[in-house]
Amino acid sequence: MNPGESVVGMPDRLQKIQARVVAACERAGRSASEVSLMAVSKGHPPSAIRELVDLGHVLFGESKVQEAKLKMGQCPGSAQWQMIGHLQTNKVRDAVRLFSMIQSVDSLRLAEEIQSAADKASKTVRILLEVNVAGESSKFGYPPERALEELMTLNALPRLEIHGLMTIAPWSPTPERARTVFRKLAELKRRCEDRLGAPLPVLSMGMSGDFEVGIEEGATLIRVGTLLFGERRYAKATAEAAESEEE
Ligand SMILES: *Cc1c(COP(=O)(O)O)cnc(C)c1O
């Protein structure tokens, strides 16, 4: 067994997370059906993804277009994929083709590239605006006020559908520290809805370390990697996918 790999199997890990989602929803007076669980499969091989699909799981998140592209071919067609990592403009064409949603739109320039690629592909692309709530220099994402400023311009791009907001809280061993960040994102979503005059259904916030706080603050989508799959092992993930490509 590899270090970092859990002794508990995938079915148990999934079930435990689902139970914690239900408990957090109860605390917050919400229905568990309001919260979707995304399995963040970056750094994990197709075999682990297939195991989860066999358990009936549908939604997966990937951070890199190349890695995702390689792995998707080795996974059942029932899996649904969303892009959650920083998107470079030279990868936009592939991203538009491969993902059912791009959660990491962080500039007008990127949005315009997506618009252009979507137009060529005659597709509509669902997006979230990634917001850097805490203003960390190490992270991508819109400064909150800027997202609000550009909202109507983004909304006018005909091939883009804005579904909501996404954020990553600063890393901390104390989940409670993410609460202010999540609360601010929820508040920003309300301001965006006011400006648009329409509801934004998706609030993507909360990861392995802080998803319960995310749910308590209104998350409709949580993105869980490590708690489901164990520690990430990129080399193995890519090697396995590349190997089965050659077959
Ligand atoms: C990697 C990643 C996650 C999952 O993180 P874990 O701590 O492993 O659950 C969630 N969201 C984004 C944007 C990520 O890049």
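Each value in this text was obtained by applying a stated rule to the coordinates, not by laboratory testing. Remember, it's a predicted structure, so these values are computed and weren't measured experimentally. Cβ placement follows ideal geometry from the backbone for every residue including glycine, while neighbour counts extend to all protein chains displayed.
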note = With bins of 10 Å, the percent of all Cα-Cα pairs of the stretch 10-229 per bin from 0 is 8, 34, 37, 18, 1
ask   = What residues of the stretch 212-243 lie in the reach of a label at R190, counting those whose backbone N is under 20 Å from a point 7 Å from the Cα along Cα→Cβ?
value = 213-221
remark   = Put in order of increasing Cβ neighbours within 10 Å, starting from the fewest, S172, S107, S204, S138 give S138, S172, S107, S204
query = Over the stretch 102-247, what relative contact order in percent results from Cα pairs under 8 Å that are six or more residues apart?
reply = 19
request  = Return the calculated 222 nm mean residue ellipticity for the chain, to the nearest 500 deg cm²/dmol, obtained by summing -39500 (n - 2.57) across DSSP H runs with n ≥ 4 and dividing by the residue count.
outcome  = -13500 deg cm²/dmol
ask   = Each label point is 7 Å from the Cα along the Cα-to-Cβ direction; what then is the distance between the points at E150 and Q15, in nm?
value = 4.5
request  = Please identify, among R191, R159, R183, the residue showing maximal mean-square fluctuation in a Gaussian network model of the chain using a 10 angstrom Cα cutoff.
outcome  = R191
query = Which one of A242, S172, G29 has its Cα pushed farthest toward the positive end of the charge dipole of the chain, where Lys and Arg give +1 and Asp and Glu give -1 at the Cβ?
reply = G29
request  = Just list whichever of K42/K184; K69/K120; K184/K236 have alpha carbons separated by over 29 Å in the model shown.
outcome  = K184/K236
ask   = Classify the stretch 136-247: rounded, prolate or oblate, from the alpha-carbon gyration tensor (a ≥ b ≥ c, eigenvalue square roots; a/c under 1.5 rounded; otherwise prolate if a/b is larger than b/c)?
value = oblate
key: Nearest-0.05 FRET efficiency for A239 and S122, computed from C-beta distance (R0 22 Å)   = 0.05
query = When Lys and Arg each count +1 and Asp and Glu each count -1, what net charge do the other residues less than 9 Å away from Q66, Cβ to Cβ, add up to?
reply = +1
